[in-house]
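Asker: Can you read through this structure? Questions will come right after.
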Amino acid sequence: MAESPILYEAREGVAVITLNRPEVLNAFTPEMLGELAAALRRATDGSERSILLTGAGRGFSAGQDLASIQHLYENGGSPDFVSLLNDNFYPVVRELTAKALPVVAAVNGVAAGAGMSLALACDLRIAADNARFVTAFTNIGLVPDCGMAYTLPRLVGEGRALELMLLSEPLGAEAALAMGLVNRVVPAAELMEAAFTIAKKLAAGPTLAYRKTKDLVEAAQTSDFAALLAVEAEAQAEAGATEDHKGAVDAFLKKQSPTFSGR
């Protein structure tokens, strides 16, 4: 019996989701993407309070498995890309960016094409020192997809993003850190421990405050300052009504460390 292409483990409040086709650098098939979307929904609907996404073996993900759709190119044809994206990739992207839970990507090697796009859709990226990022799309005559044209310029700026997307040159972990594409770089042997420590800290934090913080950052991209202040005030009112806020204030006044329940 073949092993599942997606592994799921709930540990200490963290949903650890592993892309599990290491023999092909975790390249995506439609079936794999369906299972990944289901795993992300499971985490959101369950008792876990953060998500850690990584890849098995030597890479995070090489992107679309072209061999799995090779038959669509027969006789001069090509895939129905609108359906391919809408039915397979976009449900995953929407789950990653839904903001219900903080998502940490542990990038353990190459992240290329749609694999890089999914890493960019996560909230934080912790990279192994041997990680490499390749936009890859123009190398096969395609445009960036899975939201890369939205996420990448917001992380590294329009000029850098265009350079990465047009030239498709590999970007090492330290260079990615220097331009703000990843948050931290750690030795490869320490990647999962370091990434899990961050995901565990997020799982123990104020869940609604995290969600509203992400909402505010996104709103700031399209709102003027006055409009953002109005959104901010409403978000603060919601956060201020939570048990997490009230308990943390009580703990502060008693000179104790707060404990967050996510409520």
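The values are calculated or read from the model by the stated rules, or taken from the named source; none is laboratory data. Predicted model, so just to flag it, every value in this text is computed and none were measured. Every residue, glycine as well, gets a Cβ built from its backbone with ideal geometry; the counts of neighbours run over all protein chains shown. These area figures cover heavy atoms from the full protein model, side chains too; ligands, DNA and RNA do not enter into them. Shrake-Rupley method; radii C 1.70, N 1.55, O 1.52, S 1.80 Å.
Asker: Largest first and to the nearest Å, give the Cα extent of the range 69-166 along each principal axis.
Answerer: 43, 31, 25
Asker: In Å³ and rounded to a whole number, note down the convex hull volume per residue for the Cα atoms of the range 1-90.
Answerer: Working: hull volume 9.5 nm³, N = 90.
Hull volume normalised by residue count: 106 Å³.
Asker: Continuing with this model, one more query. Dividing the convex hull volume of the Cα atoms of the chain by its residue count, what figure in Å³ per residue is obtained? Don't skip to the answer; put the middle values down first.
Answerer: Working: hull volume 38.7 nm³, N = 263.
With only Cα atoms used, the chain gives 147 Å³ per residue.
Asker: Quick one: putting +1 on the C-beta of Lys and Arg, -1 on the C-beta of Asp and Glu, what dipole do you get for the range 1-119 around its Cα centre, in Debye to the nearest 20?
Answerer: Working: 8 positive and 13 negative charges, 86 e Å.
Roughly 420 debye, rounded to the nearest 20.
Asker: Related question: Let me check I have the definition right: for the range 154-212, take the eigenvalues of the Cα gyration tensor, multiply each by 5, take square roots. What are those semi-axes in whole Å, largest first? Intermediate results must be reported in sequence, preceding the final value.
Answerer: On the way: eigenvalues 153, 64, 10 Å².
For the range 154-212, the semi-axes come out at 28, 18, 7 Å.
Asker: Count the DSSP beta bridges whose two residues both fall in the chain, then state the antiparallel fraction as a percent rounded to the nearest 5.
Answerer: Details: 8 of 31 bridges.
Taking every DSSP beta bridge with both residues in the chain, the antiparallel ones total about 25 percent.
Asker: Ok, one more. Calculate how many DSSP beta bridges within the range 1-129 are antiparallel, expressed in % of all such bridges and rounded to the nearest 5.
Answerer: Numbers: 6 of 23 bridges.
Percent antiparallel among DSSP bridges in the range 1-129 is about 25.
Asker: Could I ask something else about it? Given +1 on the Cβ of Lys and Arg, -1 on the Cβ of Asp and Glu, and no further charges, what dipole in debye does the chain carry about its Cα centre, rounded to the nearest 20?
Answerer: 800
Asker: With a point put 7 Å past each Cα toward its Cβ, work out how far Glu243 is from Asp87 in nm, to one decimal.
Answerer: 4.4
Asker: Between Tyr73 and Thr44, what's the calculated FRET efficiency when r is the beta-carbon distance and R0 is 30 Å? Round to 0.05.
Answerer: Between Tyr73 and Thr44 the formula returns 0.25.
Asker: What residues of the range 111-134 lie in the reach of a label at Glu174, counting those whose backbone N is under 17 Å from a point 7 Å from the Cα along Cα→Cβ?
Answerer: The answer is 127-133.
Asker: Using all alpha carbons of the range 121-253, what is the percent of pairwise distances in each 5 Å bin, ordered from the shortest bin to the longest?
Answerer: Pairs per bin, as whole percents: 2, 9, 14, 15, 15, 16, 13, 9, 5, 2, 1, 0, 0.
Asker: Rounded to the nearest 0.05, what FRET efficiency is calculated for Leu66 and Leu228 with R0 set to 35 Å and r the Cβ-Cβ distance?
Answerer: 0.25
Asker: Follow-up. List, largest first, the extents of the alpha carbons of the range 194-263 along their principal axes, each in whole Å.
Answerer: 38, 32, 18
Asker: May I ask you to give the percent of accessible area on the range 1-119 that is carbon plus sulfur, with a probe radius of 1.4 Å?
Answerer: Numbers: 2580 of 5050 Å².
On the range 1-119, the fraction of accessible area on carbon and sulfur atoms equals 51 percent.
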